[in-house]
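Take a look at the structure below.
The values are calculated or read from the model by the stated rules, or taken from the named source; none is laboratory data. Keep in mind it's a predicted model, so treat the numbers as computed, not measured. Using ideal geometry, Cβ is built from the backbone for each residue, glycine included, and neighbour counts are taken over all protein chains shown. When the accessible area is computed, the model is the full protein with side chains, heavy atoms only, and any ligands, DNA or RNA have been set aside. Shrake-Rupley method; radii C 1.70, N 1.55, O 1.52, S 1.80 Å.
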Amino acid sequence: MGASYSFAVDVFRTVCDRLVTRAADLRLVVETTSSFEEWLNWEAFLACKLREADYPFCEVTAKPTYSSENVADDGTPERGLGDLRVGGPNDGANHCWLFAEIALLHDGNRVGGKWLQKIEADADKLKRLGWKLSASLLIVVAASTGDVLTEWADYLAGSAVWNRPALTDPFVLALPGGGSVVVKAFDIKRDPSHVLTGVAP
């Protein structure tokens, strides 16, 4: 499980490193108060794809299907696709696979609780994988023209997913000219005892 955990953390950090290079763009899209989740999905894909040869990843796929992981199609299009699948080094390393959903909380969708419902729904999608040893990762991005950690603390306290143990330390990015982004990753499993951690079993 150690290799699988380290691999998941490496993928998460690869995505976060990409966001650092896009900080100026992030500031502009955060100011719109419109969703830019699809843009984040593609940035995550590009971050991993551009490292495919040197990491090495054996596969980087945008919009992977749940059916490719033997999850029965329930006829609901939005439940049939994930956001990212990454395979680890093709050198015999066990369970170095990651299937991810990316959820965005921003100034425009914070009110009304729809965002909280969405991250719960994404977590439920990941539980359908039934994975035990590979990472089924929910990457939650909270972005604001203000300070997410202080100004949104009470709001985020209402999210069961946001407050579960994270895969690793959250990534915090101060945006140029003001604003912030906080990114947390959670390994979502049907059986909590299968959640990847940095602690040896």
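Computed values, structure above
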| quantity | calculated |
| --- | --- |
| Meets criteria (open to solvent by 10 Å² or more (accessible area, probe 1.4 Å) and closer than 23 Å to GLN117 by Cα) for PRO165 | yes |
| Filter result (touching a Lys or Arg at 6+ places or on another chain (Cβ under 9 Å) and surrounded by 19 or more Cβ atoms within 10 Å (Cβ to Cβ)) within region 143-160 | SER144, TRP152 |
| Among residues of region 157-187, those that are farther than 26 Å from GLU31 by Cα, at pLDDT 90 or above and either assigned to a strand (DSSP E or B) or touching an Asp or Glu at 6+ places or on another chain (Cβ under 8 Å) (or both), counted | 3 |
| Residues that are modelled with pLDDT under 85 and among the hydroxyl-bearing types (Ser, Thr, Tyr), drawn from region 44-80 | THR76 |
| Residue list for region 1-32, filter: among the aliphatic types (A, V, I, L, M) and touching a strand residue (DSSP E or B) at 6+ places or on another chain (Cβ under 9 Å) | ALA8, VAL9, VAL11, VAL15, LEU19, VAL20, ALA23, LEU26, VAL29, VAL30 |
| Flag if VAL141 is modelled with pLDDT of 95 or more, within 29 Å of ALA24 (Cβ to Cβ), over 11 Å from the mean Cα position of the chain (by Cα) and part of a strand (DSSP E or B) | no |
